Amino acid sequence: MIQGDVSTTDIIFGSVVLAGFMGVAYVIGRTMSAITNRKYARAWAPLVPLLHGTVVFDKGAAASSSLHGTYKGHAVHAHMEPQRRQYEHSDTGRYNYFSITLKDVPGVHDWRIYHDTKIFGLGRDGWQVSCRENDALRAKLEASGIAGVLAMLGTPQLQFDKDWHTLEFSNDITPNLVLTPTDFTDVLELLVRLKTAQL
């Protein structure tokens, strides 16, 4: 039977070829994801005992992975996202994102400590403390010396979210995938101290 200029045989053949191609693409994709996840598992391995943790992988393209566990009784979620876009709507730059989140942290005001750099003369240079809801808390954070501690790890960001009750450290750690066990422990100790201080 002819349908326009395409025979039924051609349609069937094209469908079989397409199905075969999709099958091969799926197998290749799953294989690449498995290889990437093994790479992530090796990177997490030195940190797993520190949290008595469990590594969780993406179910899809293996773009990221996480480590869940506890540190001195505190719930912790660490996350890596290699080759994350520098800018949401642009592919001009990528970096290895890494974060450590302490959960169940008390507090009533959002705050953030981060490093800023002027761009075309706009913005501010150096470490900044943002706490719009409480000037006294902002002053306390500025006087705490936390920025100096963070500076030893580059230019990370430290952020408290009052709604989620989380205290999150995040940083560009390119070319590494995760922090060293020593740096990881130092950040955990800082987060726990801040949680105890209830800033």
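The values are calculated or read from the model by the stated rules, or taken from the named source; none is laboratory data. Predicted, not measured: the structure shown is a model, and the values here were computed from it. We work out accessible area using only protein heavy atoms, side chains counted, and drop any ligands, DNA or RNA first. Shrake-Rupley method; radii C 1.70, N 1.55, O 1.52, S 1.80 Å.
The table below lists the values:
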read-out	value
Entries in LYS103/LYS140; LYS39/LYS195; LYS140/LYS162 that, when Cα-Cα distance is taken, lie over 25 Å	LYS39/LYS195
With every protein chain in place, region 40-199: carbon and sulfur % of accessible area (1.4 Å)	52 percent
